[in-house]
Amino acid sequence: MTSALDSQGIAYIILDHVQENPPVESVTEMAQTCREFGTEFLIAIGGGASINSAKAISLLLKHPSKDPYAVFYGYAGPSESIKTESDIPVFTIPTTAGTGAEVTGFAVLTRADTDTKLSMYPVVFCEAAFLDPRYIRESSLFLLRSGAMDALAHGVETYLHVGSNIINRSVAEIGFRLFTQYKDALLNDSLHGDDHQNMQIASFMMGMAFMQSSTTIPHGMGYPLSHYKRVNHGIACAAFLGEYLKGFHDQSLVLPIANACGFVDTDAFAAYLREIVRQELHITVTMEEIEKWTDDFMKLDFRLASNPEPLRREDIRRIYINSLRPCLT
């Protein structure tokens, strides 16, 4: 990228200190650097953190005198705009296959004021995204797995979201079918051929799907693992996805998802996820932490309202315990 910019005589600066789960304060600092430079466009190279940071920076450049928290969360709620709310173009080159951030308007940031993660309310859509499987072919198995799990959670959760419709469910189903092509190789560390391209397209499709509704329960339950235990976001979501599906009283709602992903039922789906998580999740958790996380989750009315079946505190607590049982001390 620097060679391409140099060849056109375009001046640039490099911001290479993006943080995972980017804090509002981090993007505020980078925005100030961009403002002083006179930035006219942004290129985000990397995973969701880089892309989300670029989206957030572009908004802060539009509102130089406003408090960053007011810019990101000053609305009454998430914007319903179908157009980008940034004044400068953001270009993306995703080097992971999971977040779908290159096609969504969302940007999840870490809030110091509420000690949690939340998507900023305004939307910023990228001007263009460059997808190339060569960008992920040399990635570590951990990065490939965590990305694939994040994308899978996007598809599953948007499929079940009460605000979904036949169109975005159909888009998610394309991602599910692609997942069947590489799921075994992902588990056995034998990815080859078209697997990387299928992973990248699946991530893109799942991003398109969940932009039309949102994520639901597993994403919300996974945030404490990322925030307090520094667990990768995709693995944190996968930790709860299987038990979440198994817990549905009406399995006819979730069996089509398991089948589309190549599993006979939700038990088999959960067993696959359990093995992925077992190999990648290395933390300890106490019952006191689970009780706190359960109480905190029950305050998220928008998460509970998004689910097609009502969930009580004991349901969330059960998912936490069953999912994290190997980690309990």
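Some observations on this one:
- The residues listed here are 242, 262; of these, the one that is open to solvent by less than 50 Å² (accessible area, probe 1.4 Å), in contact (Cβ under 8 Å) with a residue 12 or more places away in the chain, in a loop (DSSP other than H, G, I, E, B) and within 27 Å of residue 207 (Cβ to Cβ) is 262.
- Cβ separations smaller than 8 Å between residues 6+ apart or across chains give the following pairs from the range 303-329 residues that are under 20 Å from residue 163 (Cβ atoms) to residues that are acidic (Asp, Glu) and at pLDDT 95 or above: 309/250.
- Filtered by the rule that a residue be within 18 Å of residue 100 (Cα to Cα) and under 20 Å from the mean Cα position of the chain (by Cα), the range 184-206 gives 196, 197, 198, 199, 200, 201, 202, 203, 204, 205, 206.
- Sole residue being open to solvent by 40 Å² or more (accessible area, probe 1.4 Å), among the aliphatic types (A, V, I, L, M) and part of a loop (DSSP other than H, G, I, E, B), chosen from 97, 76: 76
- In the set 177, 169, only one residue is among the basic types (Lys, Arg), surrounded by fewer than 16 Cβ atoms within 10 Å (Cβ to Cβ) and part of a helix (DSSP H, G or I); that residue is 177.
- Meets criteria (more than 18 Å from residue 184 (Cα to Cα), in contact (Cβ under 8 Å) with a residue 60 or more places away in the chain and part of a helix (DSSP H, G or I)) for residue 272: no
- Qualifying residue in the range 55-66 (condition: among the hydroxyl-bearing types (Ser, Thr, Tyr), at pLDDT 95 or above and buried (at least 17 other Cβ atoms within 10 Å of the Cβ)): yes
- Within the range 271-319, the set of residues being under 21 Å from residue 145 (Cα atoms) and of a type outside the set (S, T, N, Q) comprises 271, 272, 273, 274, 275, 276, 277, 278, 280, 281, 282, 283.
- Residue check: residue 294 meets all listed conditions (1) without any contact (Cβ under 8 Å) to a residue 12 or more places away in the chain; (2) open to solvent by less than 20 Å² (accessible area, probe 1.4 Å) but one, namely (1).
- Residue tally, condition open to solvent by 60 Å² or more (accessible area, probe 1.4 Å) and within 15 Å of residue 86 (Cα to Cα), over the range 3-42: 3
- Members of the range 248-259 that are surrounded by fewer than 19 Cβ atoms within 10 Å (Cβ to Cβ) and either of a type in the set (A, V, I, L, M, F, W, C) or touching a helix residue (DSSP H, G or I) at 6+ places or on another chain (Cβ under 6 Å) (or both): 248, 253, 255
- Of all residues in the range 226-238, those satisfying the criterion of being touching a helix residue (DSSP H, G or I) at 6+ places or on another chain (Cβ under 7 Å), more than 16 Å from residue 297 (Cα to Cα) and not polar (S, T, N, Q) are 231, 233, 234, 235, 238.
- Counting only residues that are closer than 23 Å to residue 254 by Cβ, touching a helix residue (DSSP H, G or I) at 6+ places or on another chain (Cβ under 6 Å) and part of a helix (DSSP H, G or I), the range 200-225 holds 14 of them.
The values are calculated or read from the model by the stated rules, or taken from the named source; none is laboratory data. Everything numeric in this text was worked out from a predicted model, so none of it was measured. Every residue, glycine as well, gets a Cβ built from its backbone with ideal geometry; the counts of neighbours run over all protein chains shown. Please note that ligands, DNA and RNA were not included when accessible areas were found on the heavy atoms of the full protein model with its side chains. Shrake-Rupley method; radii C 1.70, N 1.55, O 1.52, S 1.80 Å.
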